[in-house]
Amino acid sequence: MKKIIYILLQISLLFIFYHLGEYIQSVLNLTIPGSIIGMLLFFVLLLTNIIPERIISNGIDLLIKDMPLFFVPVTVGVIEFFDFFRGKGSLILLAAFLSTLLVIFTTSFIAGKLLEKEADI
Amino acid sequence: MVPYLYGIGFLILTVFFYFISKKLYSIIPSPFTLPIIITSLSIIIFLYLFDIPYSVYMYGGQWINHFLGPLVVALALPLYRQRYLIKKYALVIFTGILTGSFIGVLSGVLLTLSLGFGESVIAAVAPKSVTTPVALSITDATGGSMSLAAIFVMIAGISGAMFAPMMWRAGRVNHPVAKGLGIGTASHAIGTAKALEDSELAGAVSALSMTISAVLVSLIAPLVLKILF
């Protein structure tokens, strides 16, 4: 029972950071999503050890392990786009595919060259 | 009261399908049997068979959606655990991820634009290289279609997991750090699972790449869209 309460508290912490991030985003009128601001805040508090990793980790690890579950409802929404993909929309899938391969190729290639250079020095 | 009962029913159904899909994935692991794909597909078929509109399914689905933002916050933890790697390879990591994030957003946006699609579709393509919760946050902020964004993210993940080894051979890339940077920046968590098959180092670098690129893309995507429209 105590463990469940701990996990619930750890997960609530994520909600607090999320809403804090959203609040900062709206007050400062930033284009970066509030969730990312919340993540960066949380990261800084972990780095500075203000929030020690061990007191928050089990609940958060539990959530991360089953993260795909939370993407299901949005993904099911594709049901409303069937006609779109039956037509010209299918071409975008090809665009997304090509763009992805381009990213892997250039990023890995540039990083590989930089690493070779560092090894030479 | 009735929407409430529907909501609880669909919530239970979603969780049930998800855990069955996970079981299936442990028996047949492949990019096509990922739990997100099998679960979503099962629910789509279920809704189709019983003629249930998406809006009714969302009585339950909306509760699950409340976790999307907090899940982005959760990504700080794995990033924190990789902090030593960031220090060790700082220059390579930032150069690689910055280049990859820019190319991902620009090439996706330009290809879609050249196909003649409108703003809500282009905004959904822009963040396709980052992990789903972040891509959804970005798309929500830029006014794109979130369900389309979820599909494009999946395409980026699966195509990366399938074709990354081919890209590495083409570019003669052998260093695990270079491999992890490429696949993590392009194909987020699905790519990271693939990188782990290469080596533990490639997997760790991929995991941190997906988080750092998420932060960068959340800056780049709105900017590119603002310039275009």
Solvent exposure of the range B:76-228 as accessible area per residue, Å², 1.4 Å probe: 34
Cross-link partners of B:K88 among lysines (Cα-Cα below 22 Å; sequence separation of 8 or more within a chain): A:K113, A:K117, B:K179
Rounded tilt (10° steps) of B:146-170 against the dominant C-alpha axis of chain B: 40
Residue-averaged beta-carbon neighbours from other chains (10 angstrom radius) around B:95-105: 5
³J(HN,Hα) computed for each position of the range A:70-79 - Karplus, 6.51 cos²θ - 1.76 cosθ + 1.60, integer Hz, glycine/proline x: 6, 8, 4, x, 5, 5, 4, x, 4, 3
Mean Kyte hydropathy of 0.5 or more with a Cα span along the axis of at least 27 Å, helices from DSSP in chain A: A:2-28, A:90-120
The range B:2-66 - accessible surface per residue (Å², probe 1.4 Å): 59
Number of partner chain Cβ atoms within 10 Å, mean per residue of B:182-190: 5
Shape call, chain A: gyration tensor on alpha carbons, a/c limit 1.5: oblate
Crossing angle, helix B:90-114 versus chain B [Cα axis fit, 0-90 degrees, rounded to tens]: 50
Candidate lysines for bridging to B:K226, where Cα separation is under 26 Å - those fewer than 8 sequence places away on the same chain excluded: A:K88, B:K128
Rounded, prolate or oblate (a/c below 1.5 giving rounded, otherwise prolate when a/b exceeds b/c) for the range B:82-229 by Cα gyration tensor: prolate
Protein accessible area in the protein assembly as shown, 1.4 Å probe - carbon and sulfur %: 70
For the range B:116-133, Karplus couplings with θ = phi - 60° (6.51, -1.76, 1.60), whole Hz, Gly/Pro x: x, 8, x, 4, 5, 6, 4, 5, 7, 7, 3, x, 4, 7, 9, 4, 3, x
Derived scalar couplings ³J(HN,Hα) [the range B:196-201; Karplus, 6.51 cos²θ - 1.76 cosθ + 1.60; whole Hz; x for Gly, Pro]: 4, 5, 6, 6, 5, 5
Accessible-area ranking of B:V105, B:V15, largest first, probe 1.4 Å: B:V15, B:V105
Area hidden from solvent between B and A (accessible, protein heavy atoms only, 1.4 Å, total, Å²): 7300
Averaged over B:20-32, number of beta-carbon atoms from partner chains that fall within 10 Å: 1
Reachable aspartates and glutamates from B:K194, criterion Cα separation under 18 angstrom, eight or more residues apart if same chain: A:D66
Ordering of B:182-194, B:38-50, B:66-78 by packing [mean C-beta count within 10 Å, highest first]: B:182-194, B:66-78, B:38-50
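The values are calculated or read from the model by the stated rules, or taken from the named source; none is laboratory data. Because the structure is predicted, anything quoted here is derived from the model rather than measured. So basically every Cβ, Gly included, is an ideal-geometry build from the backbone, and we count neighbours across all protein chains shown. For accessibility, only protein heavy atoms count, side chains too; no ligands or nucleic acids. Shrake-Rupley method; radii C 1.70, N 1.55, O 1.52, S 1.80 Å.
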